[in-house]
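Working notes, structure below.
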Amino acid sequence: MTAATVLQDAKPLHIPEGASGMTILVEWPPGAAGTPPHRHTGPAFGYVIEGEVRFELEGEPERIVKAGETFWEPGGDVIHYQDGNARTDAPCRFLVTMLCAPGKPMLTLVDEEELAQRAHLRAPRPVN
């Protein structure tokens with residue numbers, strides 16, 4: 001028996017030269033929209049501790065990541081559209097470990113003009 005279980009194995013990885021790493025705990029109350037569209041300078045690896053996270057990366061359909069599941073994003077130019085709480089009746093909590101390029105912020109918000117210019121790269125939105 002082993003004490004370790006592989007939860008995700010992400011490839012390929014681009015790690016910026018001289019990168020630093022950080023792990024953060026994100027806690028969203030019920031129904032929280034999360035961080036506005038943004039990007040990271042390096043890859044980010046997440047694990048949902050509690051609840052459900054609405055997750056969407058540029059070029060991929062929106063999905064729900066539930067407690068005990070993982071997610072990752074490559075960083076760089078890819079826009080991270082959503083990371084909010086998918087439930088209106090319960091909080092969510094998740095851990096994210098990110099590698100950041102030296103001298104760059106961990107997270108950069110994307111403005112409306114760039115979102116409009118890159119709209120063709122976003123996966124079709126779910127029909128409600």
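Max-minus-min Cα coordinates of the chain on each principal axis give 51, 42, 23 Å, with the largest extent listed first.
Placing +1 on each Lys and Arg Cβ and -1 on each Asp and Glu Cβ, with no other charges, gives the chain a dipole about its Cα centre of roughly 200 debye.
Work out, step by step, the length gained on full extension between Glu17 and Asp89: first 0.36 nm times the residue separation, then minus their alpha carbon distance; give nm to one decimal. Using 0.36 nm per residue and subtracting the Cα-Cα distance, I get 21.7 nm.
When His80, His120 are sorted by how many other C-beta atoms sit within 10 angstrom of their C-beta, beginning with the fewest, the order is His120, His80. Each Lys or Arg adds one and each Asp or Glu takes one away; over the other residues whose Cβ falls under 12 Å from the Cβ of His80, this sums to -4.
For the residues Ile64, Ile15, Ile24, a GNM of the chain with alpha-carbon springs under 10 Å puts the largest fluctuation on Ile24. Among Glu60, Glu73, the ranking by other beta carbons within 10 Å of each residue's beta carbon, starting with the fewest, stands as Glu60, Glu73.
Bear in mind these aren't lab numbers, they're just calculated from the coordinates by the rules spelled out. The structure presented is a predicted model; accordingly, all values stated were derived computationally and were not measured. Cβ sites come from the backbone with ideal geometry, for glycine too, and all protein chains shown count toward neighbours.
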